[in-house]
Amino acid sequence: NAGVTQTPKFQVLKTGQSMTLQCAQDMNHEYMSWYRQDPGMGLRLIHYSVGAGITDQGEVPNGYNVSRSTTEDFPLRLLSAAPSQTSVYFCASSYTKHRDRGGGYTFGSGTRLTVV
Amino acid sequence: AQSVTQPDIHITVSEGASLELRCNYSYGATPYLFWYVQSPGQGLQLLLKYFSGDTLVQGIKGFEAEFKRSQSSFNLRKPSVHWSDAAEYFCAVGSYNNNDMRFGAGTRLTVKP
């Protein structure tokens, strides 16, 4: 059971470049989300999805796009990278209605992104 | 939207001493509360959760937390800290439908020998 897998682990981009951060889970979780972690700010929600074909914005969605074509995958796209997007990105998944099914998120190990 | 405040950015305790990490939340409905731990360079691991019932909940690694609705708090405690507990700790609040979970800024714990 691999849990939540994020790739790549490290990435350096130039300003204006685009890229996709990959996230995959093998637990049949309906819910998936992307957070960014910055010093002193904790984790801030970028986008989330409650199932295939359904996505919604979190606290800090600007500059990021997502899609959910399958239950397993939830990629995060940066269309034109900016230095302000330098951060550590975490993908998380869980069952919805988590009270009934154990609760809590399973996190990936993160992607450290630097935009120069 | 819900929010979480962790008043202490950094706490240092001696090994074997007791620990309490503070967490205050703001949420209009019934809160679902969590504590996570993050070791350096790692993702977050769930320590414990509160949904309802007994306000004192037990978690992994000897941690416990107490929910106090009147104070909007969910403080994390451990009676005797071990050097391996040094990490960053995050409190989070979510909803029944489990979307849009919000995290505090985190408290970094240093353990002195």
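Just to check your reading of the model, which residue among B:L76, B:L46 is buried (at least 16 other Cβ atoms within 10 Å of the Cβ), modelled with pLDDT under 95 and either in a strand (DSSP E or B) or away from every other protein chain (no Cβ under 14 Å) (or both)?
B:L46
Specify the residue that is farthest from the other protein chains (Cβ to nearest Cβ); the eligible residues are those in the range A:25-48 that are of a type in the set (G, A, S) and more than 10 Å from the chain's Cα centre (by Cα).
A:G40
For the range A:6-116, give me every one of the strands (runs of 3 or more DSSP E) that falls completely inside it and has 3 or more residues that are within 27 Å of B:A1 (Cβ to Cβ).
Filter on the range A:6-116 gives A:19-25, A:31-38, A:42-51, A:54-57, A:64-66, A:76-78, A:87-94.
When only residues in the range A:49-59 that are surrounded by fewer than 18 Cβ atoms within 10 Å (Cβ to Cβ) and over 17 Å from A:Q25 (Cα atoms) count, which is farthest from the other protein chains (Cβ to nearest Cβ)?
This residue is A:Q57.
Just to be sure I understand, how many residues within the range B:8-38 are within 11 Å of chain A (Cβ to nearest Cβ) and surrounded by fewer than 20 Cβ atoms within 10 Å (Cβ to Cβ)?
3
Pairs under 9 Å by beta carbon, first residue of a type in the set (D, E) in the range A:14-35, partner outside any loop (DSSP other than H, G, I, E, B), six or more apart or different chains?
A:D26/A:V4; A:D26/A:T5; A:E30/A:S49; A:E30/A:V50; A:E30/A:G51; A:E30/A:S93; A:E30/A:S94
Look through A:S69, A:S87, A:S109, A:S94 and report the one residue that is among the hydroxyl-bearing types (S, T, Y) and loosely packed, with under 14 Cβ neighbours inside 10 Å.
A:S69
The values are calculated or read from the model by the stated rules, or taken from the named source; none is laboratory data. Note that the structure is predicted; figures quoted are calculated from it, not measured. Please note: Cβ atoms are built from the backbone with ideal geometry, for glycine as well, and neighbour counts cover all protein chains shown.
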